[in-house]
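Single-structure report; data block below.
The values are calculated or read from the model by the stated rules, or taken from the named source; none is laboratory data. These figures come from a predicted structure and were not determined experimentally. Using ideal geometry, Cβ is built from the backbone for each residue, glycine included, and neighbour counts are taken over all protein chains shown.
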Amino acid sequence: MKRLILAAATAAVFAGATAGPAAAKDITIALIYGKTGVLEAYAKQTETGVMMGLEYATGGKMEINGQKIKVITKDDQSKPDLGKSLLAEAYGDDHADLAIGTTFSASALAMLPVAAEYKKVLIVEPAVADAITGAAWNRYVFRTARNSSQDAIANAVALGSQETSIATLAQDYAFGRDGIAAFKEALAATHSKGKVVFEEYAPVNTTDFTASAQRIFDALKDKPGQRVLAIVWAGPSPLTKIAALKPERYNIALAAGGNILPAMAAYKDFPGMEGAIYYYYGFPKNPMNDWLVKEHEKRFNAPPDFFTAGGMAAAMAAVTAIKKAGSTDTEKLITAMEGMSFDTPKGAMVLRKEDHQALQSMYHFRVKKDWANQWDMLELVREIKIDEMPIPIRNKR
């Protein structure tokens, strides 16, 4: 989608003449994302969601309180040092009033101190690592994306209804390790009957899972109860490659959380598999999601995806906050956003005052046996609501 560029208006003041009222200053929002790199599919969805969210929130006018919205985009290529410098450039050179981003958790973590240095709001979307609203957090950081604990608790609710021995496979960086730590904590917090008995971490770009799978199979094959391998993975899922190694030989079932639609195409070979997901276009029933699905299908000939909804949520948070604050002044925005409820395609989210994490529903899904089309993948078991998920507060506020 093309970058939206809107020229700033200025009022001319002539010597000896009475100046007219100053023209309204543009509202500048910076979107920083990994448009190229390992997570580019996620980033492109985020951009689409942000732009459609701004359109929806402003009734197509692309202005707030008479001020035009200017969106500038910057590609951090999922590189932490680049993300850090681009955010500084957005705040310092481009005079962004606030920023949204980024895709890769390591890049988002690198960006957090920049928000504090420039004393500007950063809305984190879609990076997931718990540390973003935990140990690395500062008061200028808000997150509309779900965090690892929300993923973990939702999956614990979905998978932990019976005695289960669980092995995990995740990527060896902040997203994967935070996700598994949160999953283990969630199993205990939700009084799940499941227990993690083995953890396997693989490099981000792993393509051969033979060695990892063998270690997992050896660890699980003699364990009691149901045996499950839970996969936490960003990008193309290793599910099919693991399945090709025949875990059923050891009565090991596979489980995976939600992902983008292309990645979940592989789920067709796993009818009945259950897990938890942040968003699937057919699950939420509200006017905003109805609009998003209809418009996205009309414009792109496909339903909106996982991170499209996330981008729209970030845009809705930004517009709601600016309207509530009546300003883009940072302190007024922080006051407006702490505890703020705002509408999203998933329904209402709430930015928790203590750590600025968006509390939100998740969805327990089951893979359909028969798909009517390539997008008809999941059936809803139930919505997992905010009050069912005891999300830990991990910051040092």
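Structural remarks
- Applying the condition of being in a loop (DSSP other than H, G, I, E, B) and either crowded, with 20+ Cβ neighbours inside 10 Å or charged (D, E, K, R) (or both) to the range 38-64 and asking which residue is modelled with the highest pLDDT yields K61.
- Matching residues, the range 110-130, being surrounded by fewer than 22 Cβ atoms within 10 Å (Cβ to Cβ) and more than 22 Å from T335 (Cα to Cα): A110
- E200 vs. criteria surrounded by fewer than 24 Cβ atoms within 10 Å (Cβ to Cβ), modelled with pLDDT of 95 or more and charged (D, E, K, R): yes
- Selection within the range 151-166: residues that are within 29 Å of S107 (Cβ to Cβ) and in contact with a helix residue (DSSP H, G or I) (Cβ under 7 Å, 6 or more places away or on another chain). The member of this set that is surrounded by the most Cβ atoms within 10 Å (Cβ to Cβ) is N155.
- Here L86 fulfils each of the conditions (1) assigned to a loop (DSSP other than H, G, I, E, B); (2) closer than 20 Å to A145 by Cβ apart from (1).
- Close pairs from the range 146-166: first in the same structural domain as V196 (by TED's automatic domain parsing) and free of Cβ contacts under 8 Å to residues at least 60 places away in the same chain, partner of a type in the set (V, I, T) and surrounded by fewer than 23 Cβ atoms within 10 Å (Cβ to Cβ), Cβ under 6 Å, at least 6 apart: A156/T190
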